[in-house]
Structures are given as C-alpha cells and as structure tokens.
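The values are calculated or read from the model by the stated rules, or taken from the named source; none is laboratory data. Because the structure is predicted, anything quoted here is derived from the model rather than measured. We place every Cβ from the backbone using ideal geometry, glycine too, and count neighbours over all the protein chains shown. Side chains included, ligands, DNA and RNA excluded: accessible areas come from the protein's heavy atoms. Shrake-Rupley method; radii C 1.70, N 1.55, O 1.52, S 1.80 Å.
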Amino acid sequence: MITAILRSFLYVVTLHLGVANAKKFGGSNEQKPFYSLAEEYYNYDDDDAYIPKVQTLYSGITTFGHLPSPNCLASRGIDYDIAFVGAPFDMGTSYRPGARFGPSGIREGSRRLGPALYNVPLDVYPFQSWAKVVDCGDVPMTNYHIPNAMDELEEGYYHLLARKPTSFTDHEGYAGNGTVLPRLLTMGGDHTIVLPILRALSRVYDRPISVIHFDSHLDTWKPGVLGDGIDNDGLNHGTYFYWASKEGVLSKDANIHAGIRSPLSGLKDYEDDASCGFQVIEAREIDKIGVEGIVKKIRDRVQDNLVYLSIDIDTLDPAYAPATGTPEIAGWSSREFTEIIRGLDGLNFVGADIVEVSPSYDVADLTTMTAANIFYDIVGLFVKTPLVQSAENLY
C-alpha cells in the first residue's frame, strides 16, 4: 500500500515538472534536450572569439616544434624553405625493431621547442627568420616489402624536394637546372632510408652527394656480410651505403664517418669502406684531438661540396640515447656531439636526417628530446647558410 502511494506521488511530481519545463521553453510540449545551446550562441560575434591566455607547450596537436603542418604531398603549390618529414620504416633493422615510431617520438620530444625560441650558441632564430619552416608529416611507406618501401620514399621525398621554395626564388641555386630548392629534415626510421633519399637528391642536383655520417657502425657492409645478401635484394640498415656507392649517388672520395666504435667482421671491412669513398673517425679519437679536431677532420674532408648530413642516434653513448636498435657503449656525450654539429656551420647542406630512434626503449623521453634538440641546431645551420650560389647580403 505504501509503495503504491509513493509511486503515485512520484508520477504527479514528474508530470508537474514536465509541464513547468514546457512552459519555460515557450509553451511547447516538447522538452529541449540537455545539449541545447544558449540563446546568445546564435548572436555570436567573431570579435569576441576565445583566445587562450597561455599557450602551453605540452598541449595541442603534436608537430615538430609546434610548426604548421600543411599537406605538402597533396600539391607542389605548397611552398616552404625547410620542411620536416617522417619516414616511418624499420624493416631493415638487424637487432631491435621499433624505429617506425621514431618520427612520432621525435615530434613528441620536440614539444618544448616553441617557434619563438632563440638559439644562443648559433646566434639565430631557427623558426623565425627568412626561412619558412613547416612539418610535412610522414611519407607513407609499406611495412611488408623493403624495395617497394624504398621506391615510395624516393618518390615522396622527390615530390617534396623538387618544388619552388618560399625564399630566394630569384637567386641561382645548385640544382641541375640552376634553381634554389627547399631542404628536408627527415625523421627516421632505420638507416636504410638514406639510400632512397640519396637517389632523390642525385636526381635534382644531378651529381653525387658527399655524406657526413655520424654512427657507431660503418654501414658500408657488402650484402652477405650483414644479412644473407638475398632477401630484399641484400638491402638493410648496414648495406645501404654499399648500394649508394654502386649506384653512383654517393661521392667517390669526399665522405666521412664519425663516431665509429662497433665490432667488425674483420679488418677487410675497412678496405670495403674505403672503396665506398669514406674516411673514418673513431669515437675514441675525441680523447686525443678533442671536439675541434673532429670538426677539422670533417670540414677538411667535405670542403665546399654539397653535403648530406646523416645521424644515427647511436652515435651517442647509450647513457644519453638508450632508445635505439643497435646500441654500442663508449660513445660521445650529448654535449660533445652538439658542439661537433655546431662546428659544421657554413657547410653546403642539401638535407639531413636523424635515424634509428626507437621510442619504446626510451627512459623519460631522453632519446627523443635529444634527437629533437639536435634537429633544432641543424635548422639553425640551414638558416645561417642558405643553399644559393652567392651567399652575400642575402638577409
């Protein structure tokens, strides 16, 4: 009996509230849903838009350094001077995989690099200068077949490279047709990606490219010395320079490794390496000749050639960059390495990469932040030395 009375009471109260709400909403018997918008929304003034008081570096969609991210692959009409691009590929690894997540990891590690920052050692605003800098996203690459992935990256890279830049379009450049081209900073991905990049660079510059290669490994091994030499045409992250030399997209006598310290299959590895046009700087040499000596050797080797800068993050000691596929102990510190990079100011760089970052092995984002900050210095180098034939009074 009491239960029936309570039910009747609740029904009367509910009915009363429904009638009251109907009157509140203009006499309509249809109750407005809870997500109905306030009346003032329809009189919204664009001049009264919401503008956040604080732009936090840890929020928002993640691009490198919070840079704008146009869909560069959609049209060659999208212009820029320097562009970041990801190459999410790791089928060429011989030990720990995971570098396919390198581009997203490096972008995450770059969150503290706001566009307005000033690079004190290089005396430059990397992102606020004459150069338009953007993040073009990733080049789509298959993860099932290495030769196909290499073709995809070469065509994507060429598409991003062979276009009119934003600046210095009235100057003479180094491209095969005498024009100035934009420059790309590639976030790997394992080191195999350098072969299609060199192929694309050779196509537009119509000449072999000198390479400054920072790594703990030579990466000039013949197929069969590293890998079985049969699968995927013998191409992996330790043989790509061998193939680049065979194809003629690599300089014959003006390339250099720095940071080398891995075990070898034998001393013949050095002979094979020299036949690919490389000189070697062992990591331990820094104890005798210092940072200045390392920089001098590099500059003496490449001189005023067009240079591609390729950085395997395992150049650094695992204490500074643990998240990589083939770590080697006794590497350089992050301070030593950044000083070496800054010492390359003034060289004619056509592009650069940082590869072999595997975020799943990282500790407190140490490796991804290190990679991002090295890129920050490289952008500064690019901005300070535009790739034009006459570099006087440009800006």
Residue identified as touching a Pro at 6+ places or on another chain (Cβ under 9 Å) and open to solvent by 20 Å² or more (accessible area, probe 1.4 Å) among Val363, Val379: Val363
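So that you can scan it fast, the table gives a plain yes or no per residue for (1) basic (Lys, Arg); (2) surrounded by fewer than 17 Cβ atoms within 10 Å (Cβ to Cβ); (3) more than 23 Å from Gly65 (Cβ to Cβ); (4) more than 19 Å from the chain's Cα centre (by Cα):
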residue	(1), (2), (3), (4)
Leu161	no, no, no, no
Glu172	no, yes, yes, yes
Asn177	no, yes, yes, yes
Val204	no, no, yes, yes
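Evaluate the range 274-283: report whether one residue or more is part of a helix (DSSP H, G or I), surrounded by fewer than 20 Cβ atoms within 10 Å (Cβ to Cβ) and touching a Ser or Thr at 6+ places or on another chain (Cβ under 8 Å).
Restricting attention to the range 274-283, the residues satisfying the condition of being part of a helix (DSSP H, G or I) are 274-275, 283.
Checking the rest, the ones that are also surrounded by fewer than 20 Cβ atoms within 10 Å (Cβ to Cβ) come to 274-275.
Retained after the next criterion (residues that are touching a Ser or Thr at 6+ places or on another chain (Cβ under 8 Å)): 275.
Within the range 274-283, one or more residues are part of a helix (DSSP H, G or I), surrounded by fewer than 20 Cβ atoms within 10 Å (Cβ to Cβ) and touching a Ser or Thr at 6+ places or on another chain (Cβ under 8 Å).
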Filter result (more than 14 Å from Val383 (Cα to Cα) and charged (D, E, K, R)) within the range 109-123: Arg111, Arg112
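Residues of the range 220-242 being open to solvent by 10 Å² or more (accessible area, probe 1.4 Å) and either of a type in the set (A, V, I, L, M) or without any contact (Cβ under 8 Å) to a residue 60 or more places away in the chain (or both), which ones?
Selection gives Trp221, Lys222, Pro223, Gly224, Val225, Leu226, Asp228, Gly229, Ile230, Asp231, Leu235, Tyr242.
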Odd one out for Ser245 among (1) surrounded by fewer than 19 Cβ atoms within 10 Å (Cβ to Cβ); (2) in a helix (DSSP H, G or I); (3) among the polar types (S, T, N, Q): (1)
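With respect to Ile193, is the statement that it is assigned to a strand (DSSP E or B), in contact with a helix residue (DSSP H, G or I) (Cβ under 8 Å, 6 or more places away or on another chain) and either β-branched (Val, Ile, Thr) or surrounded by fewer than 24 Cβ atoms within 10 Å (Cβ to Cβ) (or both) true? Walk me through how you get there before you give the answer.
Working: assigned to a strand (DSSP E or B): no; in contact with a helix residue (DSSP H, G or I) (Cβ under 8 Å, 6 or more places away or on another chain): yes; either β-branched (Val, Ile, Thr) or surrounded by fewer than 24 Cβ atoms within 10 Å (Cβ to Cβ) (or both): yes.
Considered against the rule, which asks whether it is assigned to a strand (DSSP E or B), in contact with a helix residue (DSSP H, G or I) (Cβ under 8 Å, 6 or more places away or on another chain) and either β-branched (Val, Ile, Thr) or surrounded by fewer than 24 Cβ atoms within 10 Å (Cβ to Cβ) (or both), Ile193 comes out as no.
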